[in-house]
1. Measuring from label point to label point, each 7 Å out along Cα→Cβ, what is the L35 to L240 span in nm?
2. Match the structure shown to one of the listed values [x] 1.04; [y] 1.00; [z] 0.96 of Rg/Rh (Cα atoms, Kirkwood Rh), computed from it, and give that label.
3. Show me, for region 178-187, the HN-Hα J-couplings you get by feeding each phi into the Karplus relation (A = 6.51, B = -1.76, C = 1.60, θ = phi - 60°), rounded to Hz, glycine and proline as x.
4. For D123 and M231, FRET efficiency with R0 = 35 Å and r from the beta-carbon atoms, rounded to 0.05?
5. Only bridges whose two residues both fall in the chain count here: according to DSSP, what percent of them are antiparallel, nearest 5?
6. Once Lys and Arg get +1 and Asp and Glu get -1 on their Cβ, which of Y131, V214, L7 lies farthest toward the positive end of the dipole of the chain?
7. For a quick check: with amide H placed at 1.01 Å from N, whose amide H comes under 5 Å from S61's, ignoring anything fewer than 5 positions away on the same chain?
8. If you plug each phi of region 199-208 into the Karplus form 6.51 cos²θ - 1.76 cosθ + 1.60 with θ = phi - 60°, what whole-Hz ³J(HN,Hα) values come out, in order, with x for Gly and Pro?
Amino acid sequence: MIGLINLSHSDPLYMSFPAGETVRNSAAANMKYLLEGNIEIGMVSLVSFIQNMDKLKLIRSMNIHSRANTVSTILVSKFNYLKDKMKINVTSLTKTTELYLKLVLDRMGISYEIRESEYSDADTLLKTSDYALIIGDNAIEAYSGNLNILMDIGLEFSKQYNMYPVYAVSAAAKNTDVDSSMVNYLDSRIKESSKYVNEAAKLNSIKFNVKEEVMHEYYRSIDYSFNDPVMRTIDYIKDLTEK
């Protein structure tokens, strides 16, 4: 069984698999099920994978990264500007994007205080702070409202560090045998996923009450394929977290 992430960024990929081959969970749940042996391959957050490399191995296939603007990793605010000594509420579900945010602000020379929250929606996060980092479907929903979207974190990381922001990777338990035929099969699903972009964009524009163009931009920026730039980012974040 293959565990995909239950966010809209994975919809075209999910649609490309025959029924019954995949389950969709949060990245954290996929990590739990991998370690318990309940799924063979699971997509997990990049930072969580690196923190568990003693138990997991990287599958060089399906991943979630963007080539530039990510759309679904955004800094929002009650204000329309950035300032020094920012206090930012961040959902506890997003260690990887939180790391990219810190790297971006550090390079910009902006000081900040990060406050982790059990909540993930912008309205709740902004009740106790002037700024909030929201990701995934909560970020897509923000495009239908009146929030000030100050920064696309994925885009800024890409511009400042000249690297693709990688959010999730596929992993298996170290004692699980994943042969080349399985990797080839996963790669074939990646290619097949392009056929479902229009359907996913239309469905999610209705679901999130945003323009269909927003969803098409989203899926144009998201890529599932594994390549050298993806590995470069993985190595860079691994080196950072090991220091």
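1. 2.3 nm
2. Matching the structure shown: [z].
3. In residue order, the calculated couplings are 10, 8, 5, 5, 5, 4, 4, 5, 4, 4 Hz.
4. Numbers: r = 38 Å, r/R0 = 1.08.
Once rounded, the FRET efficiency stands at 0.40.
5. Working: 22 of 37 bridges.
Antiparallel bridges make up about 60 percent of those DSSP assigns within the chain.
6. Y131
7. For S61, whose amide H was placed from the backbone, the distant partners under 5 Å are S170.
8. Those phi angles translate into 5, 5, 5, 5, 5, 6, 5, 6, 4, 9 Hz.
Since every read-out is calculated from the coordinates, none of them should be taken as a lab result. Note that this is a predicted model, so its numbers are computed, not measured. Here Cβ is always computed from backbone atoms with ideal geometry, including for glycine, and neighbour counts include all displayed protein chains.
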